[in-house]
There are 2 protein chains.
Amino acid sequence: MKSLADELFSDFREHSVSEFFRRNAAMLGYTGKIRSLTTIVHEGVTNAIDAAEEAGILPKITVMIKRVNDEPEHFRIIIEDNASGIPEQYLPDVFGKMLAGTKLHRAMQQRGQQGIGISGCVMFGQITSGKPATVVTSTGKGEAVRVDVMIDVDKNQGKIINKEKFKENWRGTRVEIEAKEVVYMRSRYGPFNYLRMTAIANPHARITFVEPDGTLTIFENATDKIPERPKPMPLHPWGIMSDDLLILAKRTKARTISGLLSTELSRVSKAKADEVCRLANVSPEKKPSELTWEEAEKIISAFKQVKLLAPPTSGLRPIGAAELENGMRQILNPEFVYTLTRPPKVYRGGLPFIVEVGIAYGGNAGKTLESRGENEGAEGEAGMDLIRFANRAPLIFDQGGCAITAAARSIDWRRYGVDINNAPLTLFVNISSAYVPYTSAGKQSIADEPEIVNEIRTAIMEAARELKKFLYRRLRAKERQERAGIFEKFLPVVARKAARLAGVEEPDIKPLLKKIAGVDHD
Amino acid sequence: MKSLADELFSDFREHSVSEFFRRNAAMLGYTGKIRSLTTIVHEGVTNAIDAAEEAGILPKITVMIKRVNDEPEHFRIIIEDNASGIPEQYLPDVFGKMLAGTKLHRAMQQRGQQGIGISGCVMFGQITSGKPATVVTSTGKGEAVRVDVMIDVDKNQGKIINKEKFKENWRGTRVEIEAKEVVYMRSRYGPFNYLRMTAIANPHARITFVEPDGTLTIFENATDKIPERPKPMPLHPWGIMSDDLLILAKRTKARTISGLLSTELSRVSKAKADEVCRLANVSPEKKPSELTWEEAEKIISAFKQVKLLAPPTSGLRPIGAAELENGMRQILNPEFVYTLTRPPKVYRGGLPFIVEVGIAYGGNAGKTLESRGENEGAEGEAGMDLIRFANRAPLIFDQGGCAITAAARSIDWRRYGVDINNAPLTLFVNISSAYVPYTSAGKQSIADEPEIVNEIRTAIMEAARELKKFLYRRLRAKERQERAGIFEKFLPVVARKAARLAGVEEPDIKPLLKKIAGVDHD
């Protein structure tokens, strides 16, 4: 006889990760009709810029959003890059399989990290429009391939529906997603603002955008300097847990524990590895596959007793203060800009990150102007516009829970002479790290690790001090101008009357006026 | 020669969902040392209550948290239920494989829905302590089995490390997780408050809790009524998209489209199915496996043209106003309670849900008192305490982004005579649905679907009106008492003096005083 338990468990089944995210698309950022469209653009552009940089190419990206059949909530989203192209055999997995990719296992600073993004787009298109994604790609050898790809949700596998090869002298990848139940708007949360923010943080990228009504906008690149190709950065011993070490031990090609430590971790020489093994009472000649949890724990704690160089930061690729300034000037055309790149710091003991801050005042800076050219649906907010980035990708949703927002809010802006509710101010913050601690799979919000929050605060305050100086100089210049105005009005009269009284010729007071207007006497 | 693309893609790999969540444990709620411990308790207790209810048993749950080796951040968490037990062959998958379970594919209102929860606990224990989880279970036939189980992260598979069978006259399941890097505190976000909230929303559950210092707390069940066993609820045609219909078509046992519609969807008779097929111009005799996307779209839109009964709500299992009142009285011991269960509503056209609200005033209600017995680390907040629930499971994190919080904040509480910053008030909100729209895998926050927010607002306002009446009555009673006090003091003097002046005997004024104190003359 079957027990109650047997009966209750009789329909126990395994489900695929695709099926999971199909049912929980909100976790990937597919929530709301405007946001869903922006998420597709975000995933496509993120992949495109990463791909170009990885190939050492200046990114030229085209984004087109076209209405389908004149339906209000039905669009085709096209994203094209000029990167290295994708070899044909990888197409089903890149676009149709979740949790597959080259990035997941490499400690490298890139925008994408999870292997879900672009297959998530394909899935969203498929479940709303029933249409496959179309991918055209060429690795630049005179031939291109075009495929229609869908996801087999039950198996988490890409299915190629159509395939066609043709001659083409072009290199790059073009992805087309057809989606329903999305809405195009030029709001703060729409694709236009997303691309504008991307352009600020990626002054080396040229982004062409065609809106559904045919409006063409080109965000020109503000620099021709290609960022260095990202480099894998081995983990630093201070940033790992015992479990990480065991996983490295399982995957390493090293044949001894000593070899494991010195090849798989950064800042660990052979001598240092042996010293740590001695302290941990673990034989340096032991096979990595035989490492036990207790030994791993002892090794991790022994690393805390030895002197090590701080984690390497050569793999981090901040924007650079000069490039960021170019980007902000190009897009915001402000009266004043100050940008800074802080030196690298670490959080959780060993995970390196770099904070960059830019502050822009006047011109098109500030919230009121950010949404320049928006539709009527746009909010007409005034005051400081905080724009958040992680590895140069804009974070535009879930602002409330983000470490960047928390840091910016914690500043007493009045001390810097700024009324954040009214000032035409854009505050830019970017965090670069191979390990950005996102709070969700939608990657829109950074967890409030104390070291990160503090570092952002420090950076913002440094920029705010420069803004304060600028505002002070500006105020003084204004006062001086007013004062000069008064002299300019009355001095000629005084001079004329005094000359007449004294019976002398009227003096030339122009040099004097110039001096008053030009020089600050205080 | 290898192209650049070939080189860049050479280490393209597939990763398991376990590996994904190992790297992104924050997405499952493992963020922060206090929260991580509460997440383990949450997952264990959620499973325990679900299992008992599914077996039609009054849940008796025991939770024990024990310190290991006197280390400050190292604990063993033990959760035991009295449910049906788990057949031995399912143990590796239940505890060691993510996205496996009986719940994912059934449209049934349960706390757990994702098949990640308890295997997430096993993983978190494993990556912080290196130890397997220990599971003891018996289906009640005189024999129990004890296994140590770990997750093979690369394969997303459970591995049984040890197995032992023994005679035991007991039925249920006990899970033991050993975790490091967690902290025990009696704060708002700690396990004590979590269990207290669970007890309020589950008055039929008896929860025994042993804290690390040995303190024993029993949250007695306030009712003996077992909630009905959850029933699968077929989807209503108004709540599905074309893609859902195609997936049903792929999995159904029905042999025709007409059969598909009338067996897999609710409120669709054979006649209605045929009518819809005619409207959609799809043959009712066609095989479900041959249904195309275009046909599915036509069927979905045809459903919107025919009359249908509203979605069934028989599968929804709200707490019930009387049971909720019992729960709130038992735990909060308030001066005033009002509870209500609203009639079922739907969101997104066809997904049914029920909102319940309870309001408690005085006694142990309100934030200050919520943390009664807390450690020194606890916050001493005053005023309204909003406690949020989904399918009776407490939501204690991510309060900011939640629809319940938004609804509660949107109320003008002064209109109800309440100062929410000071009043000793607990506001309880529970949403019951087979499709709670969570915003993340951590399941701590509900997306702000407009129908849901409005319904919560309406329910809160109804409860607030009753509170207002109570507060008014209370105020009047107080005034009356004051007035009676005045008469009581002066009337005897007046009576005595007047009697003396009139030369008559002093009258008995007691009946008069009683009348003044007892009756309201206004």
*Determine which single condition A:Met241 fails, assuming it passes every other condition in (1) touching a residue at least 24 places away in the same chain (Cβ under 8 Å); (2) closer than 23 Å to A:His42 by Cα.*
(2)
*Go through the stretch A:443-459 and give me each residue that's out of contact with any helix residue (DSSP H, G or I) (no Cβ under 6 Å at 6 or more places or on another chain) and either in a helix (DSSP H, G or I) or within 19 Å of A:Met197 (Cβ to Cβ) (or both).*
A:Lys443, A:Gln444, A:Ser445, A:Pro450, A:Glu451, A:Asn454, A:Glu455, A:Thr458, A:Ala459
*Residues satisfying the stated conditions in the stretch A:194-209, i.e. surrounded by fewer than 22 Cβ atoms within 10 Å (Cβ to Cβ) and of a type in the set (S, T, N, Q)*: A:Thr208
*Take A:Ile61 and decide whether it is at pLDDT 90 or above, among the aliphatic types (A, V, I, L, M) and within 23 Å of A:Phe389 (Cα to Cα).*
yes
*asked:* Scan the stretch B:163-177 and tell me whether some residue there is farther than 27 Å from B:Ile57 by Cα, assigned by TED's automatic domain parsing to the domain that holds B:Ile78, touching a residue at least 60 places away in the same chain (Cβ under 8 Å) and of a type in the set (A, V, I, L, M).
replied: no
*Are any residues in the stretch B:274-297 part of a loop (DSSP other than H, G, I, E, B), within 40 Å of the chain's Cα centre (by Cα) and over 14 Å from B:Ala254 (Cβ atoms), and if so, which ones?*
B:Thr292
*asked:* I'd like the residue in the stretch B:199-242 that is of a type in the set (S, T, N, Q) and closer than 26 Å to B:Pro72 by Cβ and, out of all such residues, is farthest from the chain's Cα centre (by Cα).
replied: B:Thr215
*Any residue at all in the stretch A:252-273 that is among the acidic types (Asp, Glu), free of Cβ contacts under 8 Å to residues at least 60 places away in the same chain and either within 14 Å of chain B (Cβ to nearest Cβ) or part of a loop (DSSP other than H, G, I, E, B) (or both)?*
no
*Of the residues in the stretch B:151-167, how many are assigned to a loop (DSSP other than H, G, I, E, B) and surrounded by fewer than 17 Cβ atoms within 10 Å (Cβ to Cβ)?*
2
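Each row is one residue, and each column tells you yes or no for (1) under 28 Å from A:Asp154 (Cα atoms); (2) among the hydrophobic types (A, V, I, L, M, F, W, C); (3) within 13 Å of another protein chain (Cβ to nearest Cβ).
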residue: A:His42; (1), (2), (3): yes, no, no
residue: A:Pro59; (1), (2), (3): no, no, no
residue: A:Ser84; (1), (2), (3): no, no, yes
residue: A:Tyr90; (1), (2), (3): yes, no, yes
*Would you pick out the residues in the stretch A:46-64 that are closer than 17 Å to B:Phe9 by Cβ and either buried (at least 18 other Cβ atoms within 10 Å of the Cβ) or among the β-branched types (Val, Ile, Thr) (or both)?*
A:Asn47, A:Ala48, A:Asp50, A:Ala51, A:Ala52, A:Glu53, A:Glu54, A:Ala55, A:Ile57
*Would you point out which residue out of A:Arg76, A:Arg106 is surrounded by fewer than 19 Cβ atoms within 10 Å (Cβ to Cβ), at the interface with chain B (Cβ under 9 Å from one of its Cβ atoms) and either farther than 21 Å from A:Ser16 by Cα or at pLDDT 90 or above (or both)?*
A:Arg106
*Filter the stretch B:430-489 for residues that are closer than 30 Å to A:Asp398 by Cα and of a type in the set (A, V, I, L, M) and give the result.*
B:Ile431, B:Ala434, B:Val436, B:Ala441, B:Ile446, B:Ala447, B:Ile452, B:Val453, B:Ile456, B:Ala459, B:Ile460, B:Met461
_Restricting the stretch A:317-353 to residues that are among the β-branched types (Val, Ile, Thr), buried (at least 20 other Cβ atoms within 10 Å of the Cβ) and at pLDDT below 95, the residue that is farthest from A:Phe219 (Cα to Cα)_ = A:Ile319
*Do you know which residues across the stretch A:276-298 are surrounded by 15 or more Cβ atoms within 10 Å (Cβ to Cβ) and out of contact with any Ser or Thr (no Cβ under 8 Å at 6 or more places or on another chain)?*
A:Val276, A:Leu279, A:Val282, A:Leu291, A:Glu295, A:Lys298
*Only one residue in A:Thr256, A:Thr252 is over 27 Å from A:Glu451 (Cβ atoms), under 35 Å from the mean Cα position of the chain (by Cα) and not hydrophobic (A, V, I, L, M, F, W, C), so which one is that?*
A:Thr252
_Report every pair of residues separated by at least 6 positions or lying on different chains whose Cβ atoms are under 7 Å apart, first residue within the stretch A:8-26 and more than 15 Å from B:Pro437 (Cβ to Cβ) and at the interface with chain B (Cβ under 8 Å from one of its Cβ atoms), second assigned to a helix (DSSP H, G or I) and hydrophobic (A, V, I, L, M, F, W, C)._
A:Val17/B:Val17
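The values are calculated or read from the model by the stated rules, or taken from the named source; none is laboratory data. What you are looking at is a predicted structure, and each value in this text was computed from that prediction instead of being measured. So basically every Cβ, Gly included, is an ideal-geometry build from the backbone, and we count neighbours across all protein chains shown.
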